[in-house]
Amino acid sequence: MGDRGLKSRAPVIFVGHGSPMNALADNDFTRSLRELRALYPQPRAILVISAHWMTEGTWVTHMASPKTIHDFYGFPAALFDVRYPAPGSPAVADLVRETVKSSRIQPDDEMWGLDHGTWSVLRHIFPAADVPVLQLSLNIAQPASYHLELGRQLRGLRDQGVLILASGNIVHNLRKIRWEQDAAPFDWALEFDAWARDKLLARDETALSKEYLAFESGRLSVPTPDHYLPLLYALGASDSRDVLRFTFEGIQNASISMRTLVFNTPAG
């Protein structure tokens with residue numbers, strides 16, 4: 001890590017990570033992730049809020065060497081062979097705990113590591129695995145407003161060189177999934193993905209945190225909150241100084257939105 005990373009405000013990224021197989025894929029989505037690496041300075045550390053670490057209470061990984069977690073089944077052996085050996089950072093974990101005033105963040109020294117919501121994305125953006133990576137858990141018992149506020153609390157980390165990466169999917173309905181590669185998106189998936197895009201552009205925090213289940217396309221797109229909630233961390237960690245850019249748009253397997261976006265503060 002050079003000084004360059006600490007002189008710039010780190011961006012906020014939300015990635016629609018989709019299937020774990022994207023970790024191995026060379027497609028339009030993964031190529032868009034690789035392009036992100038060239039756009040921003042190397043950060044001091046990366047704090048990931050992944051849809052795949054749901055807990056009672058809120059935890060941050062505190063170990064120096066987080067393990068690669070293969071939290072899925074039924075996929076090819078090549079996927080289980082993937083390792084992402086990025087270091088952790090107990091010091092940055094402590095900084096996260098000190099920064100968040102609205103909730104107690106508990107240190108995790110052995111329970112978790114880096115799940116596929118993290119490494120399937122980062123192996124494309126930071127393939128050298130040379131930046132410290134931490135995960136913040138989702139306290140799944142808390143309402144959407146809690147997660148939005150936690151994102152706001154984390155915002156100050158950006159000025160200390162910590163990249164905040166939220167990993168989920170705006171539309172994520174596995175019960176409706178179609179496995180054909182060219183499966184046409186459901187109309188409701190397209191409708192809700194477009195609704196979220198418009199509300200993000202308008203920075204409509206009320207709609208995104210309180211109204212997303214008020215209509216049928218929202219209820220079909222967010223049958224469980226785990227993959228949607230990371231979006232609220234990205235929204236909360238952004239502010240009016242940021243420019244919003246959508247770096248990828250599309251629906252995979254008919255019912256999974258791969259929409260990926262960056263909030264970044266222009267230099268100067």
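All of the numbers you see were taken from the coordinates with simple rules; none came from a lab. For clarity, every value in this text was computed on a predicted model and none was experimentally measured. Cβ sites come from the backbone with ideal geometry, for glycine too, and all protein chains shown count toward neighbours.
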What relative contact order, as a whole-number percentage, does the stretch 16-87 give when Cα pairs under 8 Å and 6 or more residues apart are counted? 37
Run the simple label-point estimate for Ser103 and Phe215 please: 7 Å along Cα→C-beta, distance reported in nm. 2.8
Could you pull out every residue, at least 5 positions away or on a different chain, whose amide H is within less than 5 Å of the one on Trp59? Hs are placed 1.01 Å off N in the peptide plane, and Pro or chain starts have none. Gln106, Ser137
Under a point spin-label approximation (7 Å from Cα along Cα-to-Cβ), what is the Arg31-Phe246 distance to one decimal in nm? 2.0
Give the Rg/Rh ratio for the stretch 140-233, taking Rg as the radius of gyration of the Cα atoms and Rh as the Kirkwood radius, to two decimals. 1.01
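Ratio of the chain's C-alpha Rg to 2.2 N^0.38 Å, to two decimals? The partial results should precede the final answer.
Working: Rg = 17.1 Å, N = 268, 2.2 N^0.38 = 18.4 Å.
Scaled against compact globular proteins, the figure is 0.93.
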The stretch 76-226 shape via C-alpha gyration tensor axes, a/c threshold 1.5: oblate
Charge dipole magnitude, Cβ of K and R +1, D and E -1 - the stretch 1-99, Cα centre, debye nearest 20: 360
At Asp71 and Leu174, where each label point lies 7 Å from the Cα along Cα→Cβ, what is the point-to-point distance in nanometres? 1.1
In terms of modelled amide H atoms, which long-range or inter-chain residues lie less than 5 Å from the amide H of Ile49? Leu136, Leu165, Ala166, Ser167
Could you derive backbone 3J(HN,Hα) for the stretch 83-100 from the dihedral phi with the Karplus parameters 6.51, -1.76 and 1.60 (θ = phi - 60°), listing whole Hz in sequence and x where the residue is Gly or Pro? 10, 10, x, 5, x, x, 7, x, 5, 6, 4, 5, 5, 4, 5, 6, 6, 7
With +1 assigned to the C-beta of every Lys and Arg and -1 to the C-beta of every Asp and Glu, and no other charges, what is the dipole magnitude of the stretch 3-264 about the Cα centre in debye, to the nearest 20? 560
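Share of Cα-Cα pairs in the stretch 14-149 beyond 21 Å, in percent? Mind dumping the intermediate values first?
Values: 3902 of 9180 pairs.
That fraction is 43 percent.
Give the shape of the stretch 48-98 as rounded, prolate or oblate, defined through the alpha-carbon gyration tensor: a ≥ b ≥ c are the square roots of its eigenvalues, a/c under 1.5 means rounded, and otherwise the shape is prolate if a/b is larger than b/c and oblate if not. Can you show the working numbers first?
Values: a/c = 3.82, a/b = 1.68, b/c = 2.27.
Taking the square roots of the gyration eigenvalues as a ≥ b ≥ c, the stretch 48-98 is oblate.
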Take each of the peptides 227-233, 188-194, 205-211, 140-146, average the number of other beta-carbon atoms within 10 Å over its residues, and list them starting from the highest. 227-233, 188-194, 205-211, 140-146
Using alpha-carbon positions, what is the distance between the centroids of the stretch 215-268 and the stretch 151-200, in Å? 4
Relative contact order (%) - criterion: Cα under 8 Å, at least six apart; region: the stretch 1-137: 40
Once phi for every residue in the stretch 19-25 is put through the Karplus expression 6.51 cos²θ - 1.76 cosθ + 1.60 (θ = phi - 60°), the whole-Hz ³J(HN,Hα) values, with Gly and Pro written as x, are 5, x, 5, 4, 4, 9, 7
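Over the stretch 3-264, what is the relative contact order in whole percent, taking alpha-carbon pairs under 8 Å and six or more residues apart? The partial results should precede the final answer.
Numbers: 573 pairs, mean separation 81.0, N = 262.
Computed value for the stretch 3-264: 31 percent relative contact order.
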³J(HN,Hα) computed for each position of the stretch 148-153 - Karplus, 6.51 cos²θ - 1.76 cosθ + 1.60, integer Hz, glycine/proline x: 4, 5, 5, x, 4, 5
